[in-house]
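Let me begin by presenting the structure, written as structure tokens, before commenting on it.
The values are calculated or read from the model by the stated rules, or taken from the named source; none is laboratory data. This is a predicted model, so every value here is computed, not measured. All Cβ positions, glycine included, derive from the backbone under ideal geometry; neighbour counts span all protein chains shown.
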């Protein structure tokens, strides 16, 4: 797959415990992005953060259940990301989604 020099970065800020269709929301987003042929997706787990409710979510050694911040990043063409946005809009109940222009230097698999 080739990507043009000009792309878009989609950032999705959600919670680790968020669910959709019986699975973790971040897993659902990654699978849906792959199904639709987007270039790739990366999930990052934060150690601390807060969102619209201003409630602090923090990693603590003695806590068994976590609801840490999750960031999903996807880079692709504007057209593909615009097609993807309505799908995730319906799935995300609490969160933040941003979109920005990026310059793609290279995209390769190494094989």
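Numerical summary
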{"quantity": "Tally of residues being under 12 Å from residue 84 (Cβ atoms) and within 11 Å of the chain's Cα centre (by Cα) across the stretch 4-30", "calculated": "4"}
{"quantity": "Residue match in the stretch 44-60 (condition: assigned to a strand (DSSP E or B), in contact with a strand residue (DSSP E or B) (Cβ under 9 Å, 6 or more places away or on another chain), under 27 Å from residue 5 (Cα atoms) and at pLDDT 90 or above)", "calculated": "yes"}
{"quantity": "Filter result (assigned to a loop (DSSP other than H, G, I, E, B) and surrounded by 14 or more Cβ atoms within 10 Å (Cβ to Cβ)) within the stretch 86-106", "calculated": "92, 95, 104"}
{"quantity": "Residue 72 surrounded by 15 or more Cβ atoms within 10 Å (Cβ to Cβ) and modelled with pLDDT of 95 or more", "calculated": "yes"}
{"quantity": "Candidate set from the stretch 1-35 (those that are assigned to a loop (DSSP other than H, G, I, E, B) and closer than 22 Å to residue 103 by Cα); member that is modelled with the highest pLDDT", "calculated": "5"}
